[in-house]
Every structure is written in structure tokens, then in C-alpha cells.
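Here is the structure we will look at, set down as C-alpha cells.
The values are calculated or read from the model by the stated rules, or taken from the named source; none is laboratory data. Just so you know, these numbers come straight off a predicted model, no measurement behind them. Positions of Cβ are backbone-derived with ideal geometry, glycine not excepted, and every protein chain shown enters the neighbour counts. The accessibility values were calculated without ligands, DNA or RNA, using every heavy atom of the protein model including side chains. Shrake-Rupley method; radii C 1.70, N 1.55, O 1.52, S 1.80 Å.
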Amino acid sequence: MVKKIQAIRGMNDILPDQTPYWQKVESTLHRILARYGYQEIRLPLLESTALFQHSIGETTDIIEKEMYTFSDRNGESLTLRPEGTASCVRSSLQHSLLMQGIQRLWYYGVMFRYERPQKGRYRQFYQLGVEALGSEGPDVDAEHILMTARFWQQLGLTGLRLQLNSLGSPESRATYREHLINFFTGHQNYLDEDSRRRLYSNPMRILDSKNPAMQEIIEQAPQILDYLDNDSLNHFKALRDLLDRIGIHYEINPRLVRGLDYYTQTVFEWVTDQLGSQGTVCAGGRYDGLVEQLGGPSTPAAGFAMGIERLIALLGEQNLLREIARVDAYLVAVGLLAKHQALLFAEHLREAIPSIRLQINYGGGNFKAQLKRADRSGARWALILGDDEIAQNTVGVKDLRSEQPQQSILQSELPAYINQQIKDRVE
């Protein structure tokens, strides 16, 4: 026997019983993004490896351990995108979008990182990214936080906490880096293997360690807020003032850092205690030097990204994944004449009721068998077309989700009846 081929570990199928939840979440996010004036940009899955090496940072975990990189037939090194910001900036520069003023962009799709798969973290994962290129004030930082807060409100999510920090300017960050190295050098006996490896290459990532044995020493480490220059302090204060006036509650987390080197100034995360170790649902901040780093003009920028798998998991934890009907009506055709006319009748209905989700019976079967299929489909109604109905220009309508008796409705009146019934259904 031929051995069954399985999906690659960490690259999961999303099956038909789950996709309605994904579609609902996606449509909600896209609708809100449009309300804020952001436009979609679609980016390739494959990029030159150099793009991520130049932007993310050579000493980050992504570059060192997590990228899917290979050489093509011409010997060029290519990488499946591990994140979207670098690709978005590359595209904006390549197509001269920044010459048209501030760019408010969003993208959605799969990213790839070679990590140990666990709940909420996969090797192929879906991500929504939002970027604003060309705006330097704290107002865009605040808008991104407000936008994400609106996401949670529209999805019905509760219990998410906003954490804020500032990484300052490259200059103040360099000063802080030296103090951090000096501190951890004096406490090397407390560091785990990963932290010792990062000590001189990327010491700020030590602050993000989840190792319980290191939390006490991390709490004693210097805080970056004590090393910010005046401009960075003023920017951070202005952002907090905006959030205070609007009524967005937040926590200052001086240990909050980002795993990517291009971040500066504001960083933020929305976190939850309901997903175990994968508690970050959304993360973002400013990256004012990235455009210039990739060969463009000096351009302020800010953005955020959220993992859709974690968002779906959180909705499940909060019992917000209500059953979503995939079909409104199931057409049962009984009798030779009805079977011959079923396809044409279904097309007339789809024309008359553009919003209807109508499934037609395939494979024959008697009346009882077809009704069972109709019920299994999840449809609200069975539309019953038999030879008698054709002769009388009627259709039987049976509500499969209630005890109401079957009705007989004129075919000419059916569109108005169905429209009335489904008008409150959220697409």
C-alpha cells in the first residue's frame, strides 16, 4: 500500500467546520481597517534573503534559527517571509509609494518560521499586518492602539491588557545596551544558555526570556526608561496623554522589548492570561529607521501585527465562536420532473435572492434521505420541489430548526419570504 502523505509538522489545515469562524474574524478586521482609511497591499511569499538580514537583524532568533531559506536554480538565496513589515517597506520603496505622501497600508496572509509547534504557535501561521509610513507623531501610535481596541470590542473579546514601553532613539538605546551588558556580565551565573549567547550580540532580548529561573535577575536589571533622551521621553509622554484622554487603560512594562532590531520609540503589546505561554495576541510599535536602512529616505513609520490563530483560539476560550450556519437552504428534489428542473430552479433563486446560500441535493435519494442530508448540511430550511409543486408553481418550505409545520409557498412569492427571513443575518 502507498503510505499516506501527511501535512508538514507545524503547517496545519483549516477544515471547513472552522473556516466560517476565520471568515467572520477576517471580514470584521477588514471592515474596521477600511473605516480608518487603510488600504490593502498584497505581498509575495518569497523575498530575497538579504531583505530580512538587513532589516530584522543578524543576531535575532528569526535570522539565526527560524527562517526557511534556500537557493533557487540561479543560486540566489530566497526566504519564505517570516514577517511582513520588511516586505511592505520594500514594496513601498520599489514602487515609489512614499513619494505620494503618508501610506496607510495593511496586508494579510501566511508567514513562516521554524519554531517548535505548540498551541497558538505554528510554522506556517496567518498574520494581519498594519503599517503607517511617513507619520512621526504619537497620534499614529495612538490610532493603532485605538484600532486594535476596536477590533476586540467588535469581536466581543474581553480581558486583553495593553502593555506599553519605549525603546528610545538608537543613541539612547546604545547607551542602555552598554549598561545592560555590564549588569548581566556581573550576573552570568544566573543566565541560561540562550541568554549567555545573546549577552554581547542582543542583550535586550534577555529581558524577554520566559525562563522562570531568570525572572528575579531580570527584575533587577536596569530599565530602559531611565536612559531615554528628551525627545523620546516627550514622545512617550505625549502618547500616554492621548491614551489617558481617550480612556484607554494601559500598563507600563519596562521589560517589553521586540524580537526585531528595527523597532524604536513606542512598543506595545495586547496580552492575555488565557492562552498559556503564547499570551501575546497583538504587538507593534515604531520603526523610524527601517525605510532608510533599506535604502530609502529617512521616513518615520509605525505598525502592528496580530496572529490570527491566537485570535481564533482566544475567541474559543471565551466561548465566542457561536455556530455559524454555512447554508441557508437545501433544495430537495423528489420525482423525475423535479430532478430535471432542480438546477434551473436553484439558479433562478440565486438570481432573485443574491444573499442566499443555497445547496442542491446531489446523488438522488428518496424524500427521507434527502431531508437527512438537508439537516446535516446545517441549513435553516429545506426547500422541497416535487412533481406536484411544479404543477402548482409552489415550493414546500420546512424550517429544519423549529417545530413549525411545513408551508407551501408560491414560487413567485418565495424570494420575498426568504429575504424577509434572512435580512438580519450578518454576512
Any chance residue 107 is touching a Ser or Thr at 6+ places or on another chain (Cβ under 9 Å) and among the aromatic types (Phe, Trp, Tyr): yes
In segment 27-46, residue modelled with the highest pLDDT [restricted to those that are among the β-branched types (Val, Ile, Thr) and in contact with a Leu (Cβ under 7 Å, 6 or more places away or on another chain)]: 41
Checking residue 101 against (1) without any contact (Cβ under 8 Å) to a residue 60 or more places away in the chain; (2) over 15 Å from residue 125 (Cα atoms); (3) in contact with a Phe, Trp or Tyr (Cβ under 6 Å, 6 or more places away or on another chain), the condition it does not meet: (3)
Residue check for residue 215: assigned to a strand (DSSP E or B) and closer than 23 Å to residue 161 by Cβ: no
Subset tally (residues that are in contact (Cβ under 8 Å) with a residue 24 or more places away in the chain and over 21 Å from residue 81 (Cβ atoms)) for segment 268-285: 10
Among the candidates 326, 357, 376, 350, residue that is under 30 Å from residue 107 (Cβ atoms), basic (Lys, Arg) and modelled with pLDDT of 90 or more: 357
Count - residues of segment 133-158 that are more than 15 Å from residue 302 (Cβ to Cβ) and in a helix (DSSP H, G or I): 7
Wholly within segment 289-389, strands (runs of 3 or more DSSP E) carrying at least 3 residues that are over 30 Å from residue 274 (Cβ atoms) and either open to solvent by less than 30 Å² (accessible area, probe 1.4 Å) or small (Gly, Ala, Ser) (or both): 329-334, 381-386
Search result, residues across segment 390-412 that are open to solvent by 90 Å² or more (accessible area, probe 1.4 Å), assigned to a helix (DSSP H, G or I) and farther than 17 Å from residue 350 by Cβ: 392
Hey, residue 229 in contact (Cβ under 8 Å) with a residue 24 or more places away in the chain, surrounded by fewer than 18 Cβ atoms within 10 Å (Cβ to Cβ), within 21 Å of residue 280 (Cα to Cα) and among the acidic types (Asp, Glu) or not: no
Residue identified as β-branched (Val, Ile, Thr), out of contact with any Gly (no Cβ under 7 Å at 6 or more places or on another chain) and free of Cβ contacts under 8 Å to residues at least 40 places away in the same chain among 217, 248: 217
Within segment 283-301, tally of residues that are closer than 19 Å to residue 171 by Cα and of a type in the set (A, V, I, L, M): 3
Residue in segment 309-316 that is among the small types (Gly, Ala, Ser) and within 30 Å of residue 123 (Cα to Cα) present: yes
Any hit, segment 148-168, residues being among the basic types (Lys, Arg), more than 24 Å from residue 248 (Cβ to Cβ) and either open to solvent by 40 Å² or more (accessible area, probe 1.4 Å) or more than 15 Å from the chain's Cα centre (by Cα) (or both): no
Exclusive hit being touching a strand residue (DSSP E or B) at 6+ places or on another chain (Cβ under 8 Å) and in contact (Cβ under 8 Å) with a residue 60 or more places away in the chain, set 137, 109: 109
